[in-house]
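The values are calculated or read from the model by the stated rules, or taken from the named source; none is laboratory data. If you're wondering where the values come from, they're calculated on a predicted model, not measured in any experiment. As a convention, Cβ positions derive from the backbone with ideal geometry for all residues, glycine included, and neighbour counts pool all protein chains shown.
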Amino acid sequence: MNGIRLSLSAGLLVVFLSSAASAVKVGEPAPEFTVKDSKGNDHRLSDGSGKFIVLEWHNQGCPFVQKHYETGNMQKLQKEWTAKGVVWFSRSFHRRPGSRAT
C-alpha cells in the first residue's frame with residue numbers, strides 16, 4: 001500500500017511539476033504549493049516569499065544520499081543555511097537502488 005501511495009505521490013508530483021514548469025517564466029513568482037511537515041503542520045511556498053528556498057527530493061536507498069546523511073553532511077548544511085534564513089523543504093523517497101516504482 002505504501003508503494004502505491006508513494007508511486008501516486010511521485011506521479012502527481014511529476015504532473016504538477018511538468019504542468020507548472022510550462023507556466024513558469026523566469027523572473028515570475030513560482031506556482032504556489034502547500035506541504036505538510038512531519039508534525040502535520042502546513043507550509044506554503046509563499047511563506048518563504050523573498051527568501052532563498054531549497055527544494056530537496058532524495059531517495060534514501062541511494063548510496064550517495066546515504067553517505068551524505070549518515071556522515072551528517074546534509075544535516076549540517078540544512079542547519080547552517082536555515083540559520084541564515086534559507087527555507088528548506090525536503091522530501092524523501094524510500095526505494096532500493098535499482099528498484100522501480102510501480
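For residues in the stretch 41-52 being in contact (Cβ under 8 Å) with a residue 24 or more places away in the chain and exposed (fewer than 14 other Cβ atoms within 10 Å of the Cβ), which is farthest from His68 (Cα to Cα)?
That would be Asp47.
Would you point out the residue of the stretch 58-74, among those that are surrounded by fewer than 12 Cβ atoms within 10 Å (Cβ to Cβ) and not acidic (Asp, Glu), that is farthest from Ala30 (Cα to Cα)?
Start the filter on the stretch 58-74 by keeping residues that are surrounded by fewer than 12 Cβ atoms within 10 Å (Cβ to Cβ), which leaves 63-64, 67, 70-73.
Subsequent filtering for residues that are not acidic (Asp, Glu) retains 63-64, 67, 71-73.
Working: Pro63: 31, Phe64: 29, Lys67: 31, Thr71: 33, Gly72: 30, Asn73: 28 Å.
The qualifying residue farthest from Ala30 (Cα to Cα) is Thr71.
Within the stretch 7-49, which residues are within 20 Å of Ser92 (Cα to Cα), within 15 Å of the chain's Cα centre (by Cα), in a loop (DSSP other than H, G, I, E, B) and at pLDDT 85 or above?
Phe33
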